[in-house]
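Following: one structure in structure tokens, then a few remarks.
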Amino acid sequence: MKKIALLKWSFLLFVALLLACCGEEMDAIADVDEKIGEQSRDNRYAAEREEEAYERMRCSEGYLDYSSCCSKYNLLCEQDCAYSEYPHYSEQECCSYYGIKCYSSSSSSYYGYSSSSSSYQSESEKCRLGTSAYSDSYCCSTYGYQCKSYLESSKSMKFCLTYFETENNWDGLGVGDPEISFTIYAITSAGQSTTIYTGKLLDKDNTKFWSGNSCTTKTIPALTQTIKVCPTVIDEDVSSDGDDNYSSRKCYSVFSIGYLKDYDEQEQSDYQNSDCTVKWEWYLY
């Protein structure tokens, strides 16, 4: 009887251990699935940002219809009011915003404007016609007119590292000692490049996760058309002769930056890095 009881106890212990192992394995699989899902979302977001920048450029260059540009990006709304059969804004809104379509045929009256309203020319229309007293850059950033794909004058860039995480045991002994910096290339349409270094935006010991804002301000020169950002991720290894490089060696670009409005945040990530997750953002002003 004792032998039978011992066998039963051993069997139950085996089943318990098996279930525990399976549970840990399922948790590990769930963690991997979650990471894959998060990376996939980051990739989709980056692709959507690139697509939006491209669509904005096509709006400014006149390749897309006015209504789409107005409804999606608030660009070319005045042209939409003036020339589209079915504009995004109502007649009353077109009248109120731009002094266009102030006459309502259904009511045979004007929306609070006298007949002289037809001669009214908004600042947006002046920008479109090139007769505004404001600069081209103002007309571009405010109304989407007179835009160029490159910077007509130098601008300041605020650049911030916002996130770092790794699940890998970098040095084989414990968590790593990440140092993160960036190289920024300001590239003209002719292919000439200015190299800008951010310096270390993260320098930590025994760190697997960090979130916050570590920022620096740089100057992007005039005539820059493309900004390319290349992250560098180093594990500072004090126990050996050299540091370990965990960079993806990939760079991430934003094109036609002349179309960007001031303070329009560009969120990016090193989504091609299999060793860690690094996220950053920047804007011009």
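Could you tell me how many of the residues in segment 175-219 are charged (D, E, K, R) and without any contact (Cβ under 8 Å) to a residue 24 or more places away in the chain? Break it down stepwise before answering.
First, the residues of segment 175-219 that are charged (D, E, K, R): 177, 179, 200, 203-205, 208, 218.
Then keep just the ones that are without any contact (Cβ under 8 Å) to a residue 24 or more places away in the chain; that gives 200.
The total comes to 1.
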Checked segment 46-62 for anything exposed (fewer than 15 other Cβ atoms within 10 Å of the Cβ) and modelled with pLDDT under 75; matches are Glu61, Gly62
Residues in segment 126-181 that are among the hydroxyl-bearing types (Ser, Thr, Tyr) and assigned to a loop (DSSP other than H, G, I, E, B) total 10
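Would you say Glu85 is part of a helix (DSSP H, G or I) and either out of contact with any Phe, Trp or Tyr (no Cβ under 7 Å at 6 or more places or on another chain) or within 14 Å of Tyr143 (Cα to Cα) (or both)?
Values: part of a helix (DSSP H, G or I): no; either out of contact with any Phe, Trp or Tyr (no Cβ under 7 Å at 6 or more places or on another chain) or within 14 Å of Tyr143 (Cα to Cα) (or both): yes.
Taking the combined requirement at face value, the residue does not satisfy it.
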Conditions first: (1) surrounded by fewer than 18 Cβ atoms within 10 Å (Cβ to Cβ); (2) modelled with pLDDT of 75 or more; (3) in contact with a Gly (Cβ under 9 Å, 6 or more places away or on another chain). Cys95 passes all but one, so which condition is the exception?
(1)
In this structure, is Asp262 farther than 20 Å from Asn43 by Cα, surrounded by 15 or more Cβ atoms within 10 Å (Cβ to Cβ), modelled with pLDDT under 95 and of a type outside the set (A, V, I, L, M, F, W, C)?
no
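The values are calculated or read from the model by the stated rules, or taken from the named source; none is laboratory data. The structure presented is a predicted model; accordingly, all values stated were derived computationally and were not measured. Using ideal geometry, Cβ is built from the backbone for each residue, glycine included, and neighbour counts are taken over all protein chains shown.
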